[in-house]
Amino acid sequence: MTKELGRAHTILALNTLAFTVCFAAWMLNGVLVTFLVENRVFDWSAGQMGWLIGIPVLTGSLVRLPLGMATDRFGGRPVYTLLMLAAAVPMFFLGHADSYREFMLLSLGFGLTGGSFAVGIAFTSVWYSREHQGTALGIFGAGNAGAALTVMGAPTLLNRLTDNGANLDGWRSLPVYYAAALVVMAVLFFLGTKNKTAEGADTKTIKKMLAPLAHMRVWRFGLYYFLVFGGFVALAQWLVPYYVNVYAMPLVTAGLMTSIFSLPSGLIRALGGWFSDLFGARRVLYSVLSVVGICCFLLIFPKMDIESPGRGVMARSAGTVTEVTPTMITVEDRTYAVISEPPDQPREGFLPWPVVKSWQEPQVEVGDEVVRRQLLADGMTHIYFQANVGIFTLLVFIIGIAMGVGKAAVYKYIPDYFPDDVGVVGGIVGVLGGLGGFVCPIIFGSLLDSLGLWTTTWMFLFLVTVACLVWLSLVVRRISRQI
């Protein structure tokens, strides 16, 4: 028993390491494409950049279901090894791409690395008992930190390879390094693991393997994962231009700030698995959705500097204006108080709350005849909201932590309800989550183009979070009535 547990821990460690390498490769285009366009190596539009960043995410999402099924049937050792070797080929040739079409096709190819999640989830689950699967799957999911490794490391590596921009063609070595890492990892994985398949998987037909997809529960799990994983993948790339545009940060600094979101989110997933084993996935997910919803709501309010009509002063009776000063207006024997404009408030430093300034400007002069309810002084309100970058980063950090815990909670559900179909169910849930990573940036961009507000990102995520909470609450109420 001890020997078997030791082997399980070894396989979990190699699964997690392989997933980290694959996830780092999967996220490469977010940094590489931005670098190439900013340095005018390629003249690609913003739309073309968006597709190149999203294409690997799309590929990795679509292959998760068949890879999960293959892992249930043949085991993780051959499937994971072949996956990494297959992805290494287009990754290597990406360094030789000279056109948009070539870059697109090769990105489509190395996007296979995104399917590693379904393989690792299925292969990890068969080595652990049900009561320890949440913790094991949470530890495996910490491989999401590979995104942070690319965001933090790739820009520095590109600077070195190109001699800080003096030799821009040096970028071509970066995909070669990533391809080499995939090959080395494939060899280590094959030599260090022992194969194992799900019980009875070799006798199942394709129809039987796909049977769990008829359960609405699977698609509900998919919606949760669309938010906690798809939202994570989307934000891991979207926060870079967010920091650059909203807070005028340099690209390298924006990447480091984004890693504050992505790195802890990946590492905390192991703790999320332990929480799910200890308290149950449902209770953990309730907490996660509540935290994400509150933080997204607080982030909805944009950085602003606006003037708006405020409360004015109206005449209560007709008469002649006899006196006008910055602080009062007199009409006949009646005096009206006027709020004079206060001095400007400082806009630097730590300003956690909106700074609101209200005043009134007289609209009449001495000798004017006024009628009842005529406007004597215009009301003006000025609102300045700094959207302090420190508070913003703290809230984003909390969202990242919550999403990391939530990812583990969702996958704790799967072996609980579908113990013999982890690969298939985990595959389709992973597909929906991965599609979230592909679709969300497109939605973020469309909302930004339509409304001109960067905070529409948080509006959308808030609405998705509310939908998840409502669906979860309805299910819990139905279960409670049945009890």
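In the set 438, 392, only one residue is of a type in the set (Phe, Trp, Tyr), in contact (Cβ under 8 Å) with a residue 60 or more places away in the chain and either touching a His at 6+ places or on another chain (Cβ under 8 Å) or outside the structural domain of residue 215 (by TED's automatic domain parsing) (or both); that residue is 392. Applying the selection to the range 134-173, what residues are of a type in the set (S, T, N, Q) and either within 25 Å of the chain's Cα centre (by Cα) or outside the structural domain of residue 14 (by TED's automatic domain parsing) (or both)? 135, 144, 150, 156 - these are the residues of the range 134-173 that are of a type in the set (S, T, N, Q) and either within 25 Å of the chain's Cα centre (by Cα) or outside the structural domain of residue 14 (by TED's automatic domain parsing) (or both). When the residues of the range 157-168 are filtered to those that are part of a helix (DSSP H, G or I) and touching a residue at least 40 places away in the same chain (Cβ under 8 Å), the one that is farthest from residue 30 (Cα to Cα) is 168. Candidates in the range 245-261 are the residues that are within 19 Å of residue 146 (Cβ to Cβ) and of a type outside the set (A, V, I, L, M); of these, the one that is farthest from the chain's Cα centre (by Cα) is 255. Looking at residue 402, is it within 30 Å of residue 260 (Cα to Cα), among the aliphatic types (A, V, I, L, M) and touching a strand residue (DSSP E or B) at 6+ places or on another chain (Cβ under 9 Å)? Answer is no for this residue. Just wondering, is there one or more residues in the range 470-482 that are crowded, with 20+ Cβ neighbours inside 10 Å, in the same structural domain as residue 261 (by TED's automatic domain parsing) and charged (D, E, K, R)? Within the range 470-482, not a single residue is crowded, with 20+ Cβ neighbours inside 10 Å, in the same structural domain as residue 261 (by TED's automatic domain parsing) and charged (D, E, K, R). Among the candidates 256, 278, 271, single out the residue that is part of a helix (DSSP H, G or I), hydrophobic (A, V, I, L, M, F, W, C) and without any contact (Cβ under 8 Å) to a residue 60 or more places away in the chain. Answer to the selection: 278. Filtered by the rule that a residue be part of a helix (DSSP H, G or I) and within 28 Å of the chain's Cα centre (by Cα), the range 86-96 gives 86, 87, 88, 90, 91, 92, 94. Yes or no: residue 129 touching a helix residue (DSSP H, G or I) at 6+ places or on another chain (Cβ under 8 Å), farther than 19 Å from residue 181 by Cβ and assigned by TED's automatic domain parsing to the domain that holds residue 6? Considered against the rule, which asks whether it is touching a helix residue (DSSP H, G or I) at 6+ places or on another chain (Cβ under 8 Å), farther than 19 Å from residue 181 by Cβ and assigned by TED's automatic domain parsing to the domain that holds residue 6, residue 129 comes out as no. The condition (being of a type in the set (D, E, K, R) and on the phi > 0 side of the Ramachandran plot) is satisfied by just one residue among 332, 307, 323, 341: 332.
Got a number for residues in the range 297-335 being outside any loop (DSSP other than H, G, I, E, B), in contact with a Lys or Arg (Cβ under 8 Å, 6 or more places away or on another chain) and not charged (D, E, K, R)? Residues meeting the conditions: 2.
In the set 272, 312, only one residue is in contact with an Asp or Glu (Cβ under 7 Å, 6 or more places away or on another chain) and over 19 Å from residue 471 (Cα atoms); that residue is 312. Name the residue that is modelled with the lowest pLDDT, counting only residues in the range 1-58 that are surrounded by fewer than 16 Cβ atoms within 10 Å (Cβ to Cβ) and of a type in the set (S, T, N, Q). Checked the range 1-58; the qualifying residue modelled with the lowest pLDDT is 2. In the range 98-107 there is no residue matching the filter, namely being in a helix (DSSP H, G or I) and either under 22 Å from residue 429 (Cα atoms) or touching a Ser or Thr at 6+ places or on another chain (Cβ under 6 Å) (or both).
From the list 341, 307, the one residue that fits, being in contact with an Asp or Glu (Cβ under 8 Å, 6 or more places away or on another chain) and of a type outside the set (S, T, N, Q), is 341.
Within the range 90-115, restricting attention to residues that are among the small types (Gly, Ala, Ser), at pLDDT 90 or above and surrounded by 24 or more Cβ atoms within 10 Å (Cβ to Cβ), the residue that is nearest to residue 225 (Cα to Cα) is 111. Out of all the residues in the range 241-252, which are in a helix (DSSP H, G or I) and over 18 Å from residue 386 (Cβ atoms)? Matches in the range 241-252: 241, 251, 252. Residues of the range 66-80 include at least one that is in a helix (DSSP H, G or I), in contact with an Asp or Glu (Cβ under 8 Å, 6 or more places away or on another chain) and buried (at least 23 other Cβ atoms within 10 Å of the Cβ).
What pairs can you find where one residue is in the range 216-240 and closer than 11 Å to residue 468 by Cβ and in a helix (DSSP H, G or I), the other is at pLDDT 85 or above and polar (S, T, N, Q), and their Cβ atoms are less than 7 Å apart, with a gap of 6+ or different chains? Matching pairs, first to second residue: 227/465.
For the range 1-45, the tally of residues that are in a helix (DSSP H, G or I) and charged (D, E, K, R) stands at 4.
Taking residue 438 as the residue in question, decide whether it is modelled with pLDDT of 80 or more and touching a Ser or Thr at 6+ places or on another chain (Cβ under 8 Å). Judged against the criteria, residue 438 is a match. If you go through the range 356-373 and keep only what is in contact with an Asp or Glu (Cβ under 9 Å, 6 or more places away or on another chain) and loosely packed, with under 15 Cβ neighbours inside 10 Å, you end up with just 366. Residues in the range 344-380 that are within 27 Å of residue 315 (Cα to Cα) and either among the charged types (D, E, K, R) or outside any strand (DSSP E or B) (or both): 14 in all.
Only one entry of 165, 153 meets the criterion of being of a type in the set (Gly, Ala, Ser), at positive phi and surrounded by fewer than 23 Cβ atoms within 10 Å (Cβ to Cβ), and that entry is 165.
Sort out which residues of the range 276-293 are within 30 Å of residue 383 (Cα to Cα) and surrounded by fewer than 16 Cβ atoms within 10 Å (Cβ to Cβ), and write them in order of number. Within the range 276-293, just 290 meets the criteria.
The values are calculated or read from the model by the stated rules, or taken from the named source; none is laboratory data. Treat the numbers as computed from the prediction; the structure is a model and nothing was measured. Note that each Cβ is placed from the backbone with ideal geometry, even for glycine, and that neighbours are counted across all protein chains shown.
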